[in-house]
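Below is one structure, written out as structure tokens; comments come after it.
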Amino acid sequence: MHASRTTNRKARLWLAAIVGAGALSLAVPALSQAEESNPNNYNCLGSLAAGQPEAGSEEQQVQYTFYCNGPITGFQVQSQIPVTGVSSPPIVTNLEKKELADTFSCSGELPGWAANCVGGTVGGYENVTGQFAIGTKLCAEPRVDALLTVVYAYLEKGKVTQAISGPYDLGRPTGCKADAYSKYNRFNPAPLNQKKQAAKKGKKGAKKKASTKKK
């Protein structure tokens, strides 16, 4: 697995690089794309599934895939299950599933909670597919349910403008057997078990009364 250990500071620097040297490579046509689709309010769709095995790693690989209706120059895939590895670079394809030269470089603090990627797509609806590793089984509860945030830097009147869209919920992994939690996600979490909570409160109350009587 091509993974690297970085600090949060380094991840922020990578994202900041969009404004620096990376932004200089942004073409004028990309601006027209930004005008067509508000880069602060993109529509992005994606999903999670089992990833491909990585040489030298026995950990569970999670594949993410998504597209947006406008170009992007970076993204973050944030997991609520600790991320133990980040694969780089993701594959970018067009609507005809032809692999493109557009690419990203990904990394993140390991173990951590996200894969941070910088690079770029030329236009909208380009499909980005990558993967990260977790230390639990794909279908074990709680199942991984990642959020996606995308960023876009472009030239406007000679100045670099940055935009951010998201988060978008990539959902629970496809291909797993449905269970009691299947209808829930990060934006609609499963409710707390009220009976268990009431039982815990009852036990705590009984212990306090017992300790008071002893005094």
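The residues of the range 108-145 that are over 30 Å from Y181 (Cα atoms) and out of contact with any Phe, Trp or Tyr (no Cβ under 7 Å at 6 or more places or on another chain), listed by number, are G120, T121, V122, G123, G124. Filtered by the rule that a residue be within 29 Å of A163 (Cβ to Cβ), of a type in the set (A, V, I, L, M, F, W, C) and assigned to a strand (DSSP E or B), the range 38-79 gives C44, L45, L48, A49, V62, F66, C68, F75, V77. Of all residues in the range 147-156, one or more are aromatic (F, W, Y), farther than 17 Å from I81 by Cα and either modelled with pLDDT under 95 or crowded, with 17+ Cβ neighbours inside 10 Å (or both).
For the range 45-89, a residue qualifies if it is free of Cβ contacts under 8 Å to residues at least 60 places away in the same chain and under 15 Å from Y125 (Cα atoms), and exactly one does: N69. The range 84-187 holds strands (runs of 3 or more DSSP E) entirely within its bounds, and those carrying 3 or more residues that are in contact with a strand residue (DSSP E or B) (Cβ under 6 Å, 6 or more places away or on another chain) and farther than 21 Å from Q60 by Cα map to 146-156, 159-171. Looking only at residues in the range 165-183 that are of a type in the set (A, V, I, L, M, F, W, C) and buried (at least 17 other Cβ atoms within 10 Å of the Cβ), the one that is farthest from the chain's Cα centre (by Cα) is C176.
The values are calculated or read from the model by the stated rules, or taken from the named source; none is laboratory data. Just so it is clear, the model here is predicted, and its values are computed rather than measured. Ideal geometry is used to build each Cβ from the backbone, glycine not excepted, and the neighbour counts take in all protein chains shown.
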